[in-house]
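Note sheet for the following structure.
The values are calculated or read from the model by the stated rules, or taken from the named source; none is laboratory data. Only a predicted model underlies this, so the values are computations on that prediction, with no experimental measurement involved. A quick note on method: Cβ atoms are made from the backbone with ideal geometry, for glycine too, and the neighbour counts reach across all protein chains shown. SASA here: full protein model, heavy atoms, side chains in, ligands and nucleic acids out. Shrake-Rupley method; radii C 1.70, N 1.55, O 1.52, S 1.80 Å.
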Amino acid sequence: MAQKGLIVICLGLIVTAACSKQPVNQPQATPTPVSGPAAAVQANSYQGVGVVKSLNPQLPAIEIDHEEVVGLMPAMQMEFPVTDVSLLNGLAVNDRIDFTIVDQTGEMKIIAIKKK
Ligand SMILES: [Cu+2]
């Protein structure tokens, strides 16, 4: 009975040793998914036109009643985060503006504002 037990243990060690070799080959079988999508992550920028509805320097953000932003969204009133509070300098409610939105993996931010 004791010998039978030893044989089982030995077989178990052999199987374990054989299995432990597999993970070495696995990374080669699976393509590295990191390089593809990472290379595709690019900031898309869009030009918009609208009217300032409110300014929120604390966030900082700006609420704009904007016309259609081609390739991004239809006309609507909404708040956009801005990359820097200084973009709000010199702006007032009801000002007509041109603005540039950057859409980085679903996160939209205004990077430039020009008063008309
Ligand atoms: Cu919108």
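Things to note:
- Only residues that are out of contact with any Gly (no Cβ under 8 Å at 6 or more places or on another chain), β-branched (Val, Ile, Thr) and buried (at least 16 other Cβ atoms within 10 Å of the Cβ) were counted in the stretch 57-75, giving 1.
- Scanning the stretch 78-90 for residues that are within 12 Å of the ligand (Cβ to nearest atom), within 17 Å of Glu107 (Cα to Cα) and charged (D, E, K, R) turns up at least one hit.
- One residue stands out in the stretch 76-116 among those that are among the small types (Gly, Ala, Ser) and closer than 14 Å to Ser54 by Cα: the one that is most open to solvent (accessible area, probe 1.4 Å), namely Gly90.
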